[in-house]
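See below for the structure under consideration.
The values are calculated or read from the model by the stated rules, or taken from the named source; none is laboratory data. Remember, it's a predicted structure, so these values are computed and weren't measured experimentally. We place every Cβ from the backbone using ideal geometry, glycine too, and count neighbours over all the protein chains shown. Protein only, heavy atoms only, side chains kept; ligands, DNA and RNA dropped before computing areas. Shrake-Rupley method; radii C 1.70, N 1.55, O 1.52, S 1.80 Å.
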Amino acid sequence: MRALNYLELAGQLDRSGIGTSVKHQREALADTGVDVVTSPWNGDDPVRAGLAKLGGDRFFADVDVVHCNMIGPGTVATARHAMRTDTPLVLHAHVTREDFRNSFRGSNAVAPALGRYLRWFYSQADLVLCPSEYTRGVLESYPVDAPIQPITNGIDLGRLDGFEGFREEYRERYDVEGMGVFAVGNVFERKGLSTFCRVARRTDYDFTWYGTYESGPSASATVRKWTNEPPENVTFTGWVDDIRGAYGAGDVFMFPAKVENQGIVVLEAMACGKAVVLSDIPVFREFYEDGHDCLICSSEAEFADALDRLAEDPDLRERLGENARETAAEHGLDRVGERLESLYVDLV
């Protein structure tokens, strides 16, 4: 079987959760019977495809199933071609109105119109995939008029091999002492930026957020505020050379996200055996169990108390970390590949 797995704006999204999820899909499918094509255009770009069309050849690549991971004009054109040719169309819902809010400057104003667009866009699919049951519920509330199936974003365990060896280098580089509290990923208010900083003010631990943040016109006022004048015990690293350094240097992964569709970085921290402290939102309750593989908190005071508990009880940190490893193993790429191949076969 030949499948298109398309990510529009791949270069710009390479460092995002969407980009990581698509990499996971392609790596997972490499161990299946699916031959993956990554460009919808015959010849890999629209110009070559247009020349091919003028010569009597195809404009779009010849595939058995189309799987798109974004929502822009190139994706719309690809989806419409799939519908015209009766090629099964899978649209992957990485973007929702809810998780677009509190991301960039002006994102809250755009979110209502985005929701209407997404309802129309996802409803064209033969199958919509999404990372969680929570996200399926969000899409059904729009409502999206297409079958919706959840599938984990998965985790590439090989990407994290050797993370322990980066511990001293990264702790020294970012001046981390004692129990290091950390987060990973792009810095957005949606991911709990203000909570992260206000909890830091309540404690004496070193807090480090490993990930890029906007500083130009698209940066939100909240991101500008905290990254320009962070609390004394908070460091924003910007882009890091090797993400294994973050997981090596940190001890407790704190992720007070307001909205999340799954959270690949949570699975990565768990795979590294880190104690994880999460906000009390539906998607985390869906995947994780408070007191077993994480601690779940509903307020800044609860986050601060959870960090104190973990600082005072190394055995608790170790127990949570070991259970977290087992949870992360349930999201391996082998399972992602098997599920995708099965869904493709059913559609074809």
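Things to note:
- Odd one out for W239 among (1) farther than 23 Å from F100 by Cα; (2) modelled with pLDDT under 95: (1)
- Residue check, V265 open to solvent by less than 10 Å² (accessible area, probe 1.4 Å) and either polar (S, T, N, Q) or outside any loop (DSSP other than H, G, I, E, B) (or both): no
Table: residues versus (1) polar (S, T, N, Q); (2) at pLDDT 95 or above; (3) under 19 Å from the mean Cα position of the chain (by Cα).
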position	(1), (2), (3)
G55	no, no, no
A61	no, no, no
T75	yes, yes, no
A79	no, yes, no
M83	no, yes, no
R101	no, no, yes
F121	no, yes, no
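- When residues of the range 319-348 are limited to those that are in contact (Cβ under 8 Å) with a residue 40 or more places away in the chain and more than 24 Å from the chain's Cα centre (by Cα), the one farthest from P150 (Cα to Cα): V348
- Which listed residue is under 25 Å from P150 (Cβ atoms), surrounded by fewer than 21 Cβ atoms within 10 Å (Cβ to Cβ) and either in contact with an Asp or Glu (Cβ under 8 Å, 6 or more places away or on another chain) or aliphatic (A, V, I, L, M) (or both), from V47, V95: V95
- Considering residues of the range 227-248 that are within 17 Å of G158 (Cα to Cα) and among the aliphatic types (A, V, I, L, M) only, the residue most open to solvent (accessible area, probe 1.4 Å): I243
- Test result for V144, in the same structural domain as E338 (by the TED database), at pLDDT 95 or above, buried (at least 23 other Cβ atoms within 10 Å of the Cβ) and more than 20 Å from the chain's Cα centre (by Cα): yes
- Checked against (1) out of contact with any strand residue (DSSP E or B) (no Cβ under 7 Å at 6 or more places or on another chain); (2) outside any helix (DSSP H, G or I); (3) open to solvent by less than 40 Å² (accessible area, probe 1.4 Å), P217 meets all criteria but (3).
- Filtering the range 72-93 to residues that are closer than 20 Å to V36 by Cα and assigned to a loop (DSSP other than H, G, I, E, B) leaves T85, D86, T87, P88, A93.
- Reported count of residues in the range 140-195, each being under 21 Å from A304 (Cβ atoms), aliphatic (A, V, I, L, M) and without any contact (Cβ under 8 Å) to a residue 60 or more places away in the chain, is 2.
- Residues that are touching a residue at least 24 places away in the same chain (Cβ under 8 Å) and either farther than 27 Å from S215 by Cα or of a type in the set (V, I, T) (or both) are absent from the range 108-115.
- One residue from A10, A109, A61 being of a type in the set (A, V, I, L, M, F, W, C) and farther than 24 Å from A219 by Cα: A61
- Any hit, the range 26-40, residues being closer than 24 Å to G185 by Cβ, without any contact (Cβ under 8 Å) to a residue 40 or more places away in the chain, in the same structural domain as S342 (by the TED database) and among the small types (G, A, S): no
- Matching residues in the range 249-259 - criterion: being open to solvent by less than 20 Å² (accessible area, probe 1.4 Å) and within 17 Å of the chain's Cα centre (by Cα): F253, M254, F255, P256, A257
- Among the candidates T75, T32, T85, the residue that is touching a helix residue (DSSP H, G or I) at 6+ places or on another chain (Cβ under 9 Å) and either surrounded by fewer than 20 Cβ atoms within 10 Å (Cβ to Cβ) or farther than 21 Å from Y117 by Cβ (or both) is uniquely T32.
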